[in-house]
Each structure stands twice: as C-alpha cells, then as structure tokens.
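Shown next, in structure tokens, is the structure this report addresses.
Derivation of every value follows stated rules applied to the coordinates shown; laboratory data play no part. Predicted, not measured: the structure shown is a model, and the values here were computed from it. Cβ coordinates were reconstructed from backbone atoms using ideal geometry, including for glycine residues, and neighbour counts include every protein chain displayed.
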Amino acid sequence: MKHDDPGSYRSWRRTLAVLGGAAPRPGRTPPARCPPPHRPSPRRRPLQRRPRGPPARARRVGPQAPCTTLTGGTTIDPGQAAAQGQQEAASAVAASPGDTAVLAGPDETAVAPGSSTAIQVTLRGTGSTTEAVQWHADAPAGLSVRPAQGAAVVAPGTRSSLLLTVSASRSLADGRYDIPITVTARGNPVAETFDLVSVAPAGTTLPTAYPVVLYAADQASMAVAAATARELALPAGDVTGDFSQAWSDAASGDDLVLAVGQAAENGLYSNPCGWTNPAGDAAGSTPFYVPGEPLQGLPGADAFEIPSGSDPDVTALLTGQLTQYALAGTLPDYGHPPTGPQVPTSACLGSADVIPTVR
C-alpha cells in the first residue's frame, strides 16, 4: 500500500466544494503541507539532471493554515481518500442551498503587452433557490477587464456565461498577474475564482520560482499539458512525454511534477506497463507517492501531483487548479466541486514516450 497523505487532500476537496461566505477563501488561506508519513526507501541509481534557466521570485506566497489529518493519524490508499472526498463535497453542496458557484475558463491566460484576450466566466446555480448575484473583477495595475462588474440571476441547475476582455498595457512588465473575480449575493461573497494572466511577448516564456513539469503519457493529455504550458508561458522543457525523464524529475525532488492524465498517473504510481526507468524497477512498483494537498513549492524526493480527470476537460480543469496554485498561491474555480482527481489504477495505459504537442 502506498502511504499517501489524504488528510489535507480531503481539505483541498472541501475547499473547492464548500460554498458561502463562511468558507475560507482559497487564495488567502491555502492548505498547509503536512509532512508525508513513512514510506519504503526507494531503490534508484544516480540521476542526471537537465539544465534549467535561472529562477525568479514568486509573486505570491499565501499564509499557511493548520494541517488536517484523519482521526488517529491513519494513512489510507488514495482510492479511499478520493471516495471520501467526493462524499464530503456532495454533502457540502447539499448543505448550501442558496449558493452560486463560479467557474472561469481558462484559469490561465497569456497576453502580450499592448494586446487583449478573451476569457469566459460561467456562473452555476448549485443551490435550490434562484439567486440575484453581483460579480466584479479586480485587475491589478497595468491590466484591465471589460466589463469589470455586472449582475446576473442564476436559477438552480442553470449556467450564466460572461465573456470578458482582458487587456495589458504596453508598459506592463513581463510577469504573471492574478485577477480575482468575486461573486456576491445579498451583500455577502459566495464564490470566487482567479484568472492567472501571463504577460509576455508572443513566443517568449516566463521563469518560475522552481521547475514545474507537466508529464503526459497519451496524446489527449499531452494536448492539455501543452495548452496549459502555453497559457502560463512555461519553457518548452517543462512539458515532457518521456517516462524516464518524468521519473528522474520526480525522484530528484528538484521539480514539481504533475502527472497529467490517467496514463501518466498510473505510470508514475505503479508502472503497470513495466516501462524502462532509471532505477531499473520492474512493473508494479515505484518509489513515488502522492501528497495530500496542492503544493506551492518543491515537494521533496519521490512525490508528484495528479491532475487527472475522468476526461480531458476535467483533466484540464484540475491541471489549471494545481498549476495556478503552484505559481500564484491561489485556487481557481472556488465553489465548483471537483470531479477528480482520478484514483491511480493498475491499468496499463498510454506510451512510455509521447512527443510533446507543438505549442
């Protein structure tokens, strides 16, 4: 059994699912990283690292909240954690009959200085009553959102979509900027999302405070990884379809590795296909584990995150959530109950070497 940390993983799911003003705001109170429990010592050979560009200072570091653990400090398999988290998410939504969820798409957007781009914000009625809501976007200096505020009536089970234009001034310095979009009802905030805007000339990239590697093992997931990297202006080397490279990155602890899609997740978690790896391990065993919460920093050796959903759209949603938290410390789509991540399985999926999609 893998010794993952489902305690704060559960809290992350609750944070994304619980609606209403009493809930903590994800961008302001991110989950803390609980120390991983004991796990077997890995067996691996010395690994060669590929060169990286110079790091940059992170723009936002959120305060830390206390760790949440299971009663008695029990560790359980991620399948149990996922099922429990889904049940809690459903309970949280059912307990908030008058709330409205907000979902921005995409969660990350790239724009060149002096240019504009469009984003769509979707309001979802997740309660049992019709709500008259107001929303507003708070763009930082140098960025503008048009329209910047408005109102909508959201009925249960319906969606209301808003098309917003984000513009960057010509003098705005290259970098990543967070735009919070807040929804209120009856004078109280009920939902919030964030759009992370990467401002850089077309075709250029932005540095990160630490390497963020998007690993995919099938073509559909690779398309998600490449699109996410493009909107975040990540270096091309931060997207890989090479299992051995992803293994090396996760084992070293010098990269935050996200296994995008079920095939990549299964491969790193247990290598059911028996793909060749730097440690020479056989099929069915790897030294890797899944942390219990979104990470904003290097996880240490042998850890990786799992933004894998039931289909490419859900995978894209989860990848957006985890990459935005990694780079900006904010969790987008507040109020939108996640439908993943998927639990690692023993199914042999994908390929050991997938060529990254042209960006």
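What the table shows:
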{"read-out": "Region 138-233: relative contact order as a whole-number percent, Cα under 8 Å and 6+ apart", "value": "22"}
{"read-out": "Mean Cβ count within 10 Å, highest first, over the residues of peptides 282-288, 201-207", "value": "282-288, 201-207"}
{"read-out": "For region 100-199, size of Cβ-based charge dipole, Lys and Arg +1, Asp and Glu -1, in debye", "value": "240"}
{"read-out": "DSSP bridge pairs, region 100-199: antiparallel proportion in percent, nearest 5", "value": "90"}
{"read-out": "Computed magnitude of the charge dipole of region 255-331 (debye, nearest 20; Cβ of K, R +1, Cβ of D, E -1)", "value": "60"}
{"read-out": "Karplus-derived 3J(HN,Hα), 6.51/-1.76/1.60, for each residue of region 287-297, Hz, glycine and proline x", "value": "x, 8, 9, 10, x, x, 6, x, 10, 10, x"}
{"read-out": "Taking all pairs of distinct alpha-carbon atoms in region 116-230, Kirkwood radius in angstrom", "value": "16.4"}
